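Read-outs throughout are calculated quantities, based only on the coordinates presented, and are distinct from any laboratory measurement. Since this is a predicted model, take the numbers as computed values, not measurements. Virtual Cβ from ideal backbone geometry, glycine too; neighbours counted across all protein chains shown.
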Amino acid sequence: MKIYLVGGAVRDKLLGITPKEKDWVVVGATPEDMLREGFKQVGRDFPVFLHPQTHEEYALARTERKTAPGYTGFEFHAAKDVTLEEDLLRRDLTINAMAEDENGHIIDPYNGILDLDQRVLRHVSAAFSEDPVRILRVARFAARFAPMDFIVADATLDLMRAMVDSGEVDALVPERVWKELETALASAAPQQFFITLRACGALQKLFPEIDQLYGVPQPENHHPEIDTGIHTMMVLEQAARLTDNPVTRFAALTHDLGKGITPQEQWPKHVDHEENSVPLINALCDRIRVPNDYRELATHVARYHLHCHRANELRATTILKLFKSIDAFRKPERFQQFLIACEADARGRLGYENKPYPQAKLLQTAFNAANRVDVKSLAGTGLSGKQIGEKLYRLQVSAIKKAVPESAQAEQEPD
């Protein structure tokens, strides 16, 4: 029996990154051998065991054979005669197909070290094309390692395109798409996830609401980058600079989906794109099973991001209505996320990347003032429930007017 550290842990160590988790491959052993050593078997499709002390995963060396479409259509073979090189051959990328023995020696049969040095994401073998999840994984690695200047090898991108053209990507189930998307949203450069998917044609299949934004123009005076798809990627990039919260980043990603369905005769204007975005967000969330907290913030940002941009034009009554619409008083943390997503939208334009966004500070000041109004102090005034609500409203409006300079409030409601 020989045990090797494999996969991401080896890759990360070579990159100078502390591995978050460790996976191990056991060569020359049977399930019975593992059980005798005190390991607990947890794998159903193939033998995977948990270490009795560390609880890290130990898998028997195995090979696999494609038997049906999709990422579950595989038959696995684990036996004592399966070699380490055979096990590594089935992995997705060369940088993930390395192992380290107990003496710290690196086993690298597929030139993973060279690809690490050259910053290339390259498939190990043609077997890559048998698992559609690998398209998402490559896009996710592109997002994670973009700050280190990794690129996808041309041959790997060609293989991914062929997988899309063959319909293999259509076999992906919603839960897996969402899992990979959520991980990508938390990565260093989440926009690269979508850029990579678009490069191989998978964006149109998996996220058509985002794909259809490309080629849609916006007014050049507000959007020097013009193309809505490019703008959306710039917004997501800015969101990643402002917060590591994936919920906020998702809202930034989806805030302009309605522009993708604007009739061409209306271009480059996008009347009602805010409200038009909402059903598209809901359709996307329904299709890939996006959690409700993501959905709720995304729809709020889509509906009200222009309110935030025009904060200095809003009357106190409109500002209070905005707070109530997004449930800011009950969910102040979500209100913070809303402001960040709106700031990312404002900065996600060519030449605006580092410009200040005073609207967020204005609305935060107004919110703090309205939130300081103590509803409990109205309890002993003899007012009824409805009267208390009306009095609270008047006090909050007054507090906003005092907190926000009158010069920042418009005489009329904005268009």
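State to the nearest 20 debye the size of the charge dipole of the chain about its Cα centre, where the only charges are +1 on K and R beta carbons and -1 on D and E beta carbons.
1860
Under a point spin-label approximation (7 Å from Cα along Cα-to-Cβ), what is the residue 179-residue 118 distance to one decimal in nm?
With each label point 7 Å from Cα toward Cβ, the separation is 3.2 nm.
Could you size up the charge dipole of the range 1-111 around its Cα centre, putting +1 on the beta carbon of Lys and Arg and -1 on that of Asp and Glu, and report it in debye to the nearest 20?
With only Lys, Arg, Asp and Glu charged at Cβ, the dipole is about 240 debye.
Length gain on complete extension for the stretch residue 317 to residue 85, per 0.36 nm per residue less the alpha carbon to alpha carbon distance?
Computed gain between residue 317 and residue 85 is 76.7 nm.
Measuring from label point to label point, each 7 Å out along Cα→Cβ, what is the residue 394 to residue 17 span in nm?
Using points 7 Å along Cα→Cβ, the separation is 5.9 nm.
Relative to the longest principal Cα axis of the chain, at what angle does helix 273-288 sit, 0 to 90 degrees, rounded to 10?
Rounded to the nearest ten degrees, it is 30.
Expected output is a single nm value to one decimal: the length gained when fully extending between residue 103 and residue 40, i.e. 0.36 nm times separation in residues minus the C-alpha distance. What is it?
Additional length available on full extension: 20.1 nm.
Would you mind putting 99-105, 123-129, 207-213, 255-261 in packing order, based on average other-beta-carbon counts within 10 Å, highest first?
255-261, 207-213, 123-129, 99-105
Charges on Cβ only, +1 for Lys and Arg, -1 for Asp and Glu, centred on the Cα centroid of the chain; of 84, 6, 360, which one is farthest towards the dipole's positive end?
Of the listed residues, the answer is 360.
Would you list which aspartates and glutamates come within 14 Å of residue 40, measuring only between C-alpha atoms, while excluding same-chain residues fewer than 8 positions from it?
By straight Cα distance, residue 40 reaches 32, 56, 57.
For helix 316-325, report the angle its Cα long axis makes with the longest principal axis of the Cα atoms of the chain; keep it between 0 and 90° and round to the nearest 10°.
That works out to roughly 30 degrees.
Starting from the Cα of residue 261, step 7 Å along the direction of its Cβ; do the same at residue 214; then give the gap between the two resulting points in nm.
Inter-label distance under the simple model: 2.1 nm.
Dipole size in debye (nearest 20) for the range 123-197 around its Cα centre, Lys and Arg Cβ +1, Asp and Glu Cβ -1?
260
Counting other beta carbons within 10 Å of each residue's own, what order do 83, 183 fall into, fewest first?
So the residues, fewest neighbours to most, are 83, 183.
Please name which of 387, 112, 276 has its Cα lying farthest along the dipole of the chain towards the positive end, using unit charges on Cβ (Lys, Arg +1; Asp, Glu -1) and the Cα centre as origin.
387
With the Cα gyration tensor of the range 207-319 giving a ≥ b ≥ c as the square roots of its eigenvalues, does the rule (a/c under 1.5 for rounded; else a/b larger than b/c for prolate; else oblate) give rounded, prolate or oblate?
rounded
With a 4.7 Å Cβ cut-off, tell me which Cys residues in the chain come up empty for a partner.
200, 285
Dividing the convex hull volume of the alpha carbon atoms of the chain by its residue count, what do you get in Å³ per residue?
So the per-residue Cα hull volume is 187 Å³.
Compute the separation of the alpha-carbon centres of the range 9-42 and the range 220-271 and state it in Å as a whole number.
After rounding, the separation between the Cα centres reads 43 Å.
To the nearest 10 degrees, how steeply does helix 358-371 sit against the main Cα axis of the chain, on a 0 to 90 scale?
Rounded to the nearest ten degrees, it is 70.
Using alpha-carbon pairs under 8 Å, 6+ residues apart, how would you state the relative contact order of the chain in percent?
Over the chain, the number comes to 10 percent.
Over the Cα atoms of the range 119-206, each weighted equally, I'd like the Debye log10 I(q)/I(0) at q = 0.14, 0.19, 0.22 Å⁻¹, rounded to two decimals.
For the requested q values the scattering log ratios are -0.41, -0.78, -1.05.
What is the order of 58, 352, fewest Cβ neighbours within 10 Å to most?
Fewest-to-most Cβ neighbours within 10 Å comes out as 352, 58.
Once Lys and Arg get +1 and Asp and Glu get -1 on their Cβ, which of 162, 174, 185 lies farthest toward the positive end of the dipole of the range 119-206?
185
Could you work out how much longer the chain between residue 32 and residue 310 gets when fully extended? Use 0.36 nm per residue separation minus the Cα distance between them, nm to one decimal.
In short, 93.3 nm is gained.
Can you sort 50, 362, 35, 203 by how many other beta carbons sit within 10 Å, fewest first?
By the 10 Å Cβ count, ascending: 35, 50, 362, 203.
Rounded, prolate or oblate: pick one for the range 76-235, where a ≥ b ≥ c are the square roots of the eigenvalues of its C-alpha gyration tensor, a/c under 1.5 means rounded, and failing that, prolate if a/b is larger than b/c, else oblate.
prolate
From the helices alone, meaning DSSP H stretches of at least four residues, give me the mean residue ellipticity at 222 nm for the chain, per-run term -39500 (n - 2.57), in deg cm²/dmol to the nearest 500.
-14500 deg cm²/dmol
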